[in-house]
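The block underneath contains the structure these notes are about, expressed in structure tokens.
The values are calculated or read from the model by the stated rules, or taken from the named source; none is laboratory data. Everything quoted here is computed from the prediction, not taken from an experiment. Note that each Cβ is placed from the backbone with ideal geometry, even for glycine, and that neighbours are counted across all protein chains shown. Ligands, DNA and RNA are excluded from the accessible area calculation, which covers all protein heavy atoms including side chains. Shrake-Rupley method; radii C 1.70, N 1.55, O 1.52, S 1.80 Å.
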Amino acid sequence: MEAIPARARVYVACVVLGALCCLLPLPTVRTPWWAVLLLAALYAGCERVAARWRFTGTFYPVLLAGAFLLPPPAAALVAVPGALLSGVEQRPRWLRRLWRAAQLVVGVWVAARVHGALDGRDAVGASDFPYALAPAGAAVLAFCLALTVLDGGILAFAERVPVRRAWRGLFLRSLAPVVVHGLAGLMMAVLWCSPYGPVAALLVLLPMCVSWWVFAQYHRERAAHQATIRALVQAVDIKDGYTRGHSERVGQASMMIARELGMPDERVEVLRFAGILHDVGKLGVPTRLLRKDGPLTPEERRVIELHPEYGHEIVRGISFLGEARAAVLHHHERLDGSGYPYGLVGGQIPESARVVAVADAFDAMTSTRCYSRARPVPVALEELERCAGTQFDPRMVTALVRALSRHGWRPAVTSDEARPPRPRPSAPSRPGARR
């Protein structure tokens with residue numbers, strides 16, 4: 001976002017002032033300047049490499065090593081050159097660099113203060129294990145908490161995230177990587193104080209750089225997966241404008257069902273993909289049928305009912321989708337065997353397809369379509385429960401009901417409400433009957 005709100009600029013200015021207060025005692029503190037310069041240059045170099053190779057995140061081990069080795073003002077100074085020289089894509093770049101520098105100065109200063117208050121520097125200098133772990137752990141927690149507090153503030157002021165949600169989950173999401181970086185920083189600090197000196201400390205960075213590179217590759221691959229899915233969904237939305245947004249909502253409902261069933265996170269993500277891509281086969285259906293005013297003929301309906309097979313053909317070569325491909329093919333099957341394309345019965349239908357079938361029908365009933373108005377959520381749930389055991393898997397229906405009772409649902413309009421609904425296409429009566 002190029003336009004930074006005025007309140008966000010004020011917030012950044014306050015954090016910058018706080019960072020300057022952290023650095024003010026520098027002239028009066030006994031500081032090993034050669035160590036400060038070496039760590040600052042090392043951190044700046046790591047940040048430049050990260051920007052060049054488009055790695056994600058910040059290389060915290062050097063900063064935390066500084067917090068374990070140096071007085072708080074000197075440790076905080078280590079972050080400044082690297083943060084000010086870091087690559088920033090969005091404008092205004094100078095403000096974003098200043099914000100990042102101020103945030104890291106405050107975070108490192110807090111960590112160094114906590115570490116010093118617990119006599120951590122003496123333990124590091126004497127290689128006193130396991131006692132050195134306690135002050136280092138407290139410093140890492142303080143560092144993570146300081147960054148979390150500041151990050152939540154910038155979300156609230158710059159991104160206009162509601163205050164009650166700005167800090168939700170930030171600390172827990174960032175804790176694990178910061179702890180890993182903290183252990184590496186502690187190893188660096190101990191080796192730095194050992195007879196082997198700073199050169200040995202630098203060796204700690206080699207495995208960290210490798211792991212960082214692997215993690216960055218994972219995020220690139222994940223981003224490529226998301227881009228592939230977005231491209232397919234956008235193509236469907238362009239072709240069938242009346243259901244724009246439907247795919248994302250089915251993905252969300254599928255994810256809610258999967259979580260309620262206690263599935264692992266990896267599988268929950270795959271089922272979200274399944275819900276998002278369940279209608280990708282519409283790309284193979286003539287547009288005139290998708291946008292036809294009035295009832296469909298039996299021949300036209302048979303053509304539309306080929307879309308699960310078209311969808312499976314489209315996605316079957318995308319290996320990362322896993323069982324989502326089966327859901328794309330079978331999400332219109334029914335437990336009683338009267339569904340399509342293969343008329344599978346009961347347990348023959350893949351579990352992923354049974355999840356998506358319930359999510360698809362629920363969103364179809366609670367969204368305004370070109371041929372029907374949205375039903376209230378309670379009415380849609382009653383219809384799903386009525387058809388549980390014949391059309392839908394009762395476990396999936398129950399899971400959706402429980403999830404909605406906890407988290408609620410905001411049904412969205414996916415077509416122009418100004419346009420009156422056209423007659424529903426002739427088809428056997430069933431919940432969420434859709435093209």
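Summary of computed values
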read-out	value
Positions within segment 194-207 being in a helix (DSSP H, G or I) and open to solvent by less than 60 Å² (accessible area, probe 1.4 Å), in sequence order	G197, P198, A200, A201, L205
The listed residue being assigned to a loop (DSSP other than H, G, I, E, B) and farther than 12 Å from A359 by Cα, out of K282, K292	K292
Selection from segment 305-325 of residues that are out of contact with any helix residue (DSSP H, G or I) (no Cβ under 6 Å at 6 or more places or on another chain) and of a type outside the set (D, E)	L306, G317, I318, S319
Qualifying positions in segment 217-275 - without any contact (Cβ under 8 Å) to a residue 12 or more places away in the chain and among the small types (G, A, S)	A223, A224, A227, A231, G262
Residue satisfying all of: in segment 5-33; open to solvent by less than 30 Å² (accessible area, probe 1.4 Å) and outside any helix (DSSP H, G or I); nearest to Q90 (Cα to Cα) among these	P5
Qualifying residue in segment 241-249 (condition: surrounded by fewer than 23 Cβ atoms within 10 Å (Cβ to Cβ), in a helix (DSSP H, G or I), modelled with pLDDT of 80 or more and not polar (S, T, N, Q))	yes
Contacts under 6 angstrom Cβ, first residue in segment 279-302 being without any contact (Cβ under 8 Å) to a residue 40 or more places away in the chain, partner open to solvent by 60 Å² or more (accessible area, probe 1.4 Å), 6 or more apart	G284/Y310
Lone qualifier among A374, A357, A324 - being out of contact with any Cys (no Cβ under 8 Å at 6 or more places or on another chain), closer than 19 Å to V233 by Cβ and without any contact (Cβ under 8 Å) to a residue 40 or more places away in the chain	A357
Some residue of segment 93-103 being crowded, with 22+ Cβ neighbours inside 10 Å and over 22 Å from P177 (Cβ atoms)	no
Test: residue in segment 75-98 that is of a type in the set (F, W, Y) and in contact (Cβ under 8 Å) with a residue 40 or more places away in the chain	no
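One line per residue, one yes/no per condition, for (1) within 30 Å of the chain's Cα centre (by Cα); (2) within 19 Å of H307 (Cβ to Cβ):
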| site | (1), (2) |
| --- | --- |
| S338 | no, yes |
| G347 | no, no |
| A353 | yes, yes |
| R375 | no, no |
| G389 | no, no |
| D393 | yes, no |
| V397 | yes, no |
| L404 | yes, no |
